[in-house]
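First the structure, in the form of structure tokens, and then the observations on it.
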Amino acid sequence: EHFRERGMTMDADVLLFFDKQRAALPMYEAFEQALFERLPDTRMKVQKTQISFYNKHQFCCVSFLRVRKKKELPDPYLVVTFGLEHEVQSPRIAAATEPYPNRWTHHVVLASLLEVDDELMCWIEEAAAFSAVK
């Protein structure tokens, strides 16, 4: 498994992941930077369809998941997915499902750098804490 540690320069795998969606890369870079500032011990793994972030377990990922109809998605966009033990009620949540009792998967569609904000990062911190005690 290829995990990338904090502080490494943007690697070829990440650039390849964004090859067809270059315009979304700045949103990802802002998200990754904010995540590592708050959660420095995070490991990440670039996969074919998502970039995943882990402590003991995966607690969030970014992808181009179609959580809405294509025409309803901004261009560019990036989806941040995270898991919590409760459902978050927010207009920012594009979709939330409960695949297991008390385990909610949330999808947030980012359309700009400004959306990598304190509210989003607080959800990510909460997801990391929830993941760490699983």
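Just checking, does region 37-45 include any residue being of a type in the set (Val, Ile, Thr) and more than 17 Å from Ala96 (Cα to Cα)? I'd like the intermediate steps shown before the answer.
Within region 37-45, the subset of a type in the set (Val, Ile, Thr) is 42.
Next cut, more than 17 Å from Ala96 (Cα to Cα) only: 42.
Within region 37-45 (the criterion being of a type in the set (Val, Ile, Thr) and more than 17 Å from Ala96 (Cα to Cα)), the answer is yes, since at least one residue qualifies.
Here are some conditions: (1) surrounded by 12 or more Cβ atoms within 10 Å (Cβ to Cβ); (2) at pLDDT below 95; (3) more than 19 Å from Met27 (Cβ to Cβ). Asn102 meets all but one. Which one does it not meet?
(1)
Suppose we filter Glu126, Glu29, Glu115 for residues that are out of contact with any strand residue (DSSP E or B) (no Cβ under 9 Å at 6 or more places or on another chain) and surrounded by 14 or more Cβ atoms within 10 Å (Cβ to Cβ); which single one remains?
On the way: Glu126 fails: out of contact with any strand residue (DSSP E or B) (no Cβ under 9 Å at 6 or more places or on another chain); Glu115 fails: out of contact with any strand residue (DSSP E or B) (no Cβ under 9 Å at 6 or more places or on another chain).
Checking each option against the conditions leaves just Glu29.
With exposed (fewer than 11 other Cβ atoms within 10 Å of the Cβ), charged (D, E, K, R), farther than 14 Å from Trp123 by Cα and more than 15 Å from the chain's Cα centre (by Cα) as the only criterion, which of Lys48, Lys71 stands out? Show your work before the answer.
Values: Lys48 fails: more than 15 Å from the chain's Cα centre (by Cα).
Among Lys48, Lys71, only Lys71 is exposed (fewer than 11 other Cβ atoms within 10 Å of the Cβ), charged (D, E, K, R), farther than 14 Å from Trp123 by Cα and more than 15 Å from the chain's Cα centre (by Cα).
Specify the residue that is farthest from Arg38 (Cα to Cα); the eligible residues are those in region 79-93 that are in a loop (DSSP other than H, G, I, E, B) and open to solvent by less than 30 Å² (accessible area, probe 1.4 Å).
Residues of region 79-93 that are in a loop (DSSP other than H, G, I, E, B), as a first pass: 85-92.
So of that shortlist, the ones also open to solvent by less than 30 Å² (accessible area, probe 1.4 Å) come out as 88, 90.
Values: Val88: 20, Ser90: 22 Å.
The extreme case among them is Ser90.
Select, from Ala24, Ala96, Ala30, Ala34, the only residue that is assigned to a helix (DSSP H, G or I) and touching a Phe, Trp or Tyr at 6+ places or on another chain (Cβ under 8 Å). Steps first, answer last, please.
Numbers: Ala96 fails: assigned to a helix (DSSP H, G or I); Ala30 fails: touching a Phe, Trp or Tyr at 6+ places or on another chain (Cβ under 8 Å); Ala34 fails: touching a Phe, Trp or Tyr at 6+ places or on another chain (Cβ under 8 Å).
None of the other options fit; the residue is Ala24.
Among the residues that make up region 64-78, is at least one of them closer than 25 Å to Lys134 by Cα and either in a strand (DSSP E or B) or free of Cβ contacts under 8 Å to residues at least 24 places away in the same chain (or both)?
Taking every residue of region 64-78 in turn, none turns out to be closer than 25 Å to Lys134 by Cα and either in a strand (DSSP E or B) or free of Cβ contacts under 8 Å to residues at least 24 places away in the same chain (or both).
The values are calculated or read from the model by the stated rules, or taken from the named source; none is laboratory data. Since we're looking at a predicted model, the values are computed, not measured. Positions of Cβ are backbone-derived with ideal geometry, glycine not excepted, and every protein chain shown enters the neighbour counts. Accessible surface areas use protein heavy atoms only, side chains included; no ligands, DNA or RNA. Shrake-Rupley method; radii C 1.70, N 1.55, O 1.52, S 1.80 Å.
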